[in-house]
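One structure is given below, encoded as structure tokens.
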Amino acid sequence: MTKITIDVLKEYRACNEAVEMFGERTKGEVESIRLLRLLIKDKKYDWANWLIIRVMNHQQFLAYAIYAAEQVLDNFEKKFPNDNRPRLAIEAAKKVLKRDTKKNRSAAESAARSAWSAWSAARSAESAAWSAWSAWSAAEFAAEPDAGFATWFVARFADKIKIKILKYGIKLLKETGLTRPG
């Protein structure tokens, strides 16, 4: 597993706030999974996502990206039932994950460009997995009579999705034990 130090964070170009928090909360070095769990506990989900993709190897990152996209795909398809471009991009990425060939990579690249167009065109379901779920949920709950409850529910639900994705990423790191060099 990758050991995280202040130097590693600086090499990854972490923000000053993250480096400062790291210095205050650790003894200068911590294993990446322990730090990820700490960030989740502190509800620093964006920081955890930022870190996890930097310590993953290419195959882990691809599996993680596919999983994250799948978590919000149904919401996109409910809003845009006739647009299968994101689903096709996910399927193309799965083919690369299963068998990384030039042909599969080329097909995935083409599907990704197409899916990016779909995500960009859909203002309420953009490419970022975090915001896609929140945006869709916010639209659905906008009609609720209790706006305070709707806002609370959307935030809680979005956090549940983020945590689910991050835990999957941690599982990938633990299963393979392989990460990029720190």
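The values are calculated or read from the model by the stated rules, or taken from the named source; none is laboratory data. Owing to the predicted nature of the structure, the values given are computational and were not obtained by experimental measurement. In this analysis, Cβ positions are derived from the backbone assuming ideal geometry, glycine residues included, and neighbour counts consider all displayed protein chains. The protein model used for the area step is the full one, side chains on, heavy atoms only, and it has no ligands, DNA or RNA in it. Shrake-Rupley method; radii C 1.70, N 1.55, O 1.52, S 1.80 Å.
Observations on the structure shown:
- Only the Cβ atoms of Lys and Arg (+1) and of Asp and Glu (-1) were treated as charged; on that basis the dipole of region 15-115 about its Cα centre amounts to roughly 480 debye.
- Within straight-line reach of Lys3, meaning a Cα separation under 18 Å, sit the following aspartates and glutamates at least 8 residues removed in sequence or on another chain: Glu11, Glu20, Glu24, Glu29, Glu31, Glu175.
- Distant-in-sequence amide contacts of Ile4, defined by a placed amide H-H separation under 5 Å and a gap of 5 or more residues or a different chain, comprise Val30, Glu31, Ser32.
- Listed by chain and number, the lysines placed with their C-alpha closer than 30 angstrom to that of Lys79 are Lys43, Lys44, Lys94, Lys95, Lys98, Lys160, Lys162, Lys164, Lys167; residues fewer than eight positions away on the same chain are left out.
- Residue list for region 15-39, given a label point 7 angstrom along the Cα-to-Cβ vector of Lys174 and an amide N cut-off under 16 Å: 31-39
- Rolling a 1.4 Å probe over the heavy atoms of the protein chains gives region 1-85 an accessible area of 57 Å² per residue.
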